[in-house]
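Notes follow once the structure below has been shown.
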Amino acid sequence: MSKKIAYLFFSLALVMGAFFGIAFSEEKIAPAFAFGGEVVTITANDKTQVYGEDFVALDYTISGETLSQSEIEELDITLVKEEGGDVGEYVITVVCNASDTYDIQRINGIYTIIPAVFDTRDLFFENKTYTYDGTVKSLALEGFMPSEIDVSYVSNNQSQAGQYLVSAVFACNSGNYTIEGGTAYATLIIEKAIIDISGIVFEDKTFIYDGEPKNLAVTGDIPETVSVRYQGNLAQTVGRYRVTAILDYNKNNYKLFNGDYEMEKNNLYAEIIINKAKSVINVEENLYKRRYDGTPFVIPYTLTGEEKRNAVFIINNQLGSNRFIDVGNYFVRITTIGTANYLPAEEVMVEINVLSPVISMQNEGFNITLISQEGFKYGADVVVTKNENALIDTEENAFRKLAGVYTVSLLYEGEILAVPEGTTIVITPPNGRNLRLYYNENGLGKPIEYTYNGQNEIVFQPESLGMFVIYADDYQLYWIIGLIICIAAMLALTVIIVIYRSKTYKISFVTNIIGYELKPIIGSAGIEIDIPDASFGSLIFDGWHLEDTLNSKLISLKNMPDKNIVLYAKWAFRPIGKYRKFTDLDLF
């Protein structure tokens with residue numbers, strides 16, 4: 001009866017399976033219908049395992065007839081799981097021995113492996129901070145993570161300074177895990193590296209103007225990560241110039257520090273200072289003497305620094321130029337006005353003496369020299385002309401032989417020039433002739449006062465301008481008579497001195513007095529003159545020149561008329577000065 005019922009249920013199951021589309025596995029439902037004994041059903045129990053956990057032990061259930069333990073052992077029941085460890089369903093097959101007593105029915109079981117849960121929150125994914133060094137920086141998860149879990153990073157592996165949000169995205173490559181917790185996040189920070197520029201030196205510098213361009217440069221310890229460029233780093237003229245040194249660096253990855261503080265800007269500043277140069281004036285000499293010749297004289301000088309056109313000549317305290325022609329003494333201060341780039345030069349003193357011109361001419365046997373303090377017209381000539389028809393005062397010249405009358409003129413291109421005021425005239429007569437000078441041709445005009453300078457030269461300064469006349473006396477024919485007279489006079493003088501010594505006057509002259517006038521003199525008295533300096537010029541009696549012995553300090557004059565005697569002494573070609581008068585004579 002029981003077999004019939006079982007068969008009925010089995011047939012019903014097949015019909016329902018066909019109707020509903022359900023297929024029954026032969027392994028799942030073992031067709032062990034034996035119609036020779038009681039039915040014993042051995043069912044493998046279904047099992048569920050979480051992937052990755054320990055294997056779940058298999059077991060079975062026996063239903064139907066109750067079997068003894070020995071009967072069960074005789075069946076040698078074994079459960080076999082289908083191979084596989086990944087998530088999925090696996091058949092548990094019941095394997096046992098056949099029984100002669102029972103109709104053994106075997107029902108397989110299902111071994112289900114379900115996905116394990118992987119919680120990303122169990123991992124460590126932390127923020128990290130690095131300092132830029134040019135290498136790649138990254139973050140990494142820490143903790144256990146199954147091999148079936150793949151992770152990919154977003155915004156990881158950075159080399160530039162900055163702050164990066166790194167994402168860790170998870171995925172299971174086998175289906176054995178269910179991921180919970182989602183994407184993990186952490187922050188990767190790469191801080192800028194520090195460039196310390198405290199070793200860089202950028203300082204002001206002072207120059208003296210020399211016309212060359214000037215610039216500055218940083219010195220010291222310049223980091224390799226820094227390059228320098230400049231603004232305003234060129235100056236050539238006097239002034240103050242601000243120079244900017246710009247420190248170029250990778251601002252994305254570096255920051256500038258000067259010692260302990262961070263620089264807001266990457267600029268350093270210094271000044272080029274160019275001070276004025278000092279011009280230097282050099283002259284070859286500080287005293288120049290030259291004789292006037294009508295051509296300009298220019299002081300030779302060099303000017304270091306400024307151009308020569310900037311030189312200033314202050315002549316006798318008045319602004320002038322470097323050009324000197326006329327006779328005179330010039331005290332010249334040379335300096336410069338100074339420019340934007342040069343200080344005024346230190347003054348240089350120069351003295352220039354333009355001496356009066358000398359016109360010297362030898363004509364008709366006369367050497368005549370004109371020396372002027374004011375200057376002659378350059379190219380003028382001294383002309384001496386003998387006057388053959390000149391009127392002669394015979395009474396005046398009764399005891400003299402007149403050698404000739406000569407006219408002296410200063411001519412320029414055929415015209416008589418006025419002799420400049422202050423002109424000194426020196427005349428050397430030929431053959432030792434004695435001269436008389438007048439301002440006209442007939443000897444009746446105003447005599448010219450003159451003096452002998454001890455070198456047989458007549459020196460005088462004319463009072464009026466124009467030409468003058470020379471009357472030349474000639475004693476050469478009477479030198480024998482003169483010598484006899486002199487010898488007789490000396491003998492007579494000796495006798496007179498002895499006899500009339502008490503009637504002889506002695507005059508002692510004071511040194512350095514230029515001229516002396518003696519008066520009155522008794523006609524029969526003699527005079528001895530004690531001369532302090534033997535280099536005096538000449539003795540003049542009433543306008544007549546008296547020969548004397550220049551190398552002797554005693555000169556005796558006897559039997560002179562009762563008229564004035566004047567002694568003219570002259571040194572260094574100077575004009576005659578004041579006279580000293582002696583009204584009382586010492587008798588000895």
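The values are calculated or read from the model by the stated rules, or taken from the named source; none is laboratory data. All figures in this text were calculated on a predicted structure; none of them were measured in a lab. Heads up, the Cβs are rebuilt from the backbone with ideal geometry, glycines too, and the neighbour counts pull from every protein chain shown.
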Item checked: Where ILE179 falls short, out of the listed (1) more than 57 Å from the chain's Cα centre (by Cα); (2) in a strand (DSSP E or B); (3) touching a residue at least 60 places away in the same chain (Cβ under 8 Å); (4) more than 25 Å from GLY84 (Cβ to Cβ) -> (4)
Note to self: For the stretch 225-245, give me each residue that is within 18 Å of SER198 (Cβ to Cβ) and either aliphatic (A, V, I, L, M) or buried (at least 18 other Cβ atoms within 10 Å of the Cβ) (or both).
What the structure shows: VAL226, VAL228, ALA245
Next item on the list: Kindly list, by first and then second residue, each pair from a residue in the stretch 148-160 that is part of a strand (DSSP E or B) to a residue that is of a type in the set (D, E, K, R), limited to pairs with Cβ atoms under 6 Å and residues at least 6 apart or on different chains.
Entry: GLN158/LYS137
Check: In the stretch 113-140, which residues are in contact with a Lys or Arg (Cβ under 7 Å, 6 or more places away or on another chain) and not in a loop (DSSP other than H, G, I, E, B)?
Finding: TYR130
Note to self: Step by step: first the residues of the stretch 258-302, then only those that are among the hydrophobic types (A, V, I, L, M, F, W, C) and touching an Asp or Glu at 6+ places or on another chain (Cβ under 7 Å), then the one that is farthest from ILE325 (Cα to Cα). Which residue is that?
What the structure shows: ALA270
Item checked: Members of the stretch 217-257 that are touching an Asp or Glu at 6+ places or on another chain (Cβ under 9 Å) and hydroxyl-bearing (Ser, Thr, Tyr) -> THR219, SER227, TYR241
Next item on the list: May I ask you to list the residues in the stretch 96-126 that are acidic (Asp, Glu) and crowded, with 19+ Cβ neighbours inside 10 Å?
Entry: ASP103
Notebook entry, point to check: Does PHE313 satisfy being part of a strand (DSSP E or B), outside the structural domain of GLU212 (by TED's automatic domain parsing) and under 32 Å from the mean Cα position of the chain (by Cα)?
Noted result: yes
Check: For THR93, all conditions in the list (1) within 30 Å of ILE189 (Cα to Cα); (2) surrounded by 14 or more Cβ atoms within 10 Å (Cβ to Cβ); (3) of a type in the set (Ser, Thr, Tyr) hold save one; what is the number of the exception?
Finding: (1)
Check: Would you pick out the residues in the stretch 186-210 that are surrounded by fewer than 14 Cβ atoms within 10 Å (Cβ to Cβ), in contact (Cβ under 8 Å) with a residue 40 or more places away in the chain and assigned to a loop (DSSP other than H, G, I, E, B)?
Finding: SER198, GLU203, ASP204, ASP210
Check: Before we move on, is THR48 at pLDDT below 95 and β-branched (Val, Ile, Thr)?
Finding: no
Margin query: Which numbered condition in (1) of a type in the set (D, E, K, R); (2) more than 30 Å from TYR177 (Cβ to Cβ); (3) under 60 Å from the mean Cα position of the chain (by Cα) is the only one that ARG106 fails?
Written below: (3)
Notebook entry, point to check: Quick one: how many residues across the stretch 211-262 are touching a Gly at 6+ places or on another chain (Cβ under 9 Å) and not in a loop (DSSP other than H, G, I, E, B)?
Noted result: 5
